[in-house]
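Any read-out appearing in this document is the output of simple, stated calculations on the displayed coordinates, not a laboratory observation. Note that the structure is a prediction, hence the values are computed from the model and not measured. Cβ placement follows ideal geometry from the backbone for every residue including glycine, while neighbour counts extend to all protein chains displayed.
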Amino acid sequence: MQLSRLADRAVHADEIKKMTPSGIRKFEAGKVAFSPYGDGPGAASISRLVGPGDSTTMGAYLARFDGRSVAWTVRYDELIAGISGKFRLKSDGEVHELGPGDVLWIPEGTELEYQGDDAMVFISIAPVDWRARQAANLETGGEPA
């Protein structure tokens, strides 16, 4: 399943968001809801933390990968930070491995595969409204991003 469809389905429950008067939110470990991500052997899941309803500029996710490969073309700039386990990103014949604390930046338009072994990563994307921008571009006769 593609990230765009999954992000629409991801649970974004109010009870996991702890907002302070300043607007700062805390997403508590163990209370963040994950939805299955991708198809095939192994397992992968994702949790949308910040989406278009929360921010006008960036999105944020937690994702887990254990033996599943998920192919995707990013339609936004993406930053992936390793939290635990071994995460791999395959692109253009290269394999980029991340451990805890390692970070990758992926430019818009990159074709890739997300993989991992008992891995958890933090993902941030910009712009968060990439789907709406792509739809508007198509409506005006442009090409998909």
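Things to note:
- For region 91-98, the Karplus equation 6.51 cos²θ - 1.76 cosθ + 1.60, evaluated at θ = phi - 60°, returns couplings of 7, 6, x, 9, 10, 10, 9, 10 Hz by residue, with Gly and Pro reported as x.
- Likely footprinting exposure, 140, 57, fewest C-beta neighbours within 10 Å first: 140, 57
- Pairs of Lys in region 3-139 closer than 28 Å at Cα, counting only those 8 or more apart or on different chains: 7
- Within region 11-145, the proportion of C-alpha pairs whose separation exceeds 17 Å stands at 63%.
- Residue-by-residue Karplus 3J(HN,Hα) for region 79-88, coefficients 6.51, -1.76, 1.60, Hz, glycine and proline x: 10, 10, 10, x, 10, 8, x, 10, 9, 10
- Between residue 84 and residue 22, the FRET efficiency estimated from the beta carbon spacing at R0 = 25 angstrom works out to 0.25.
- Karplus (6.51, -1.76, 1.60) ³J(HN,Hα), θ = phi - 60°, over region 103-116, in Hz, Gly and Pro reported as x: 9, 10, 10, 10, x, 3, x, 6, 8, 8, 10, 8, 8, x
- Cut-off under 5 Å, modelled amide H: who pairs with residue 84 long-range: 120
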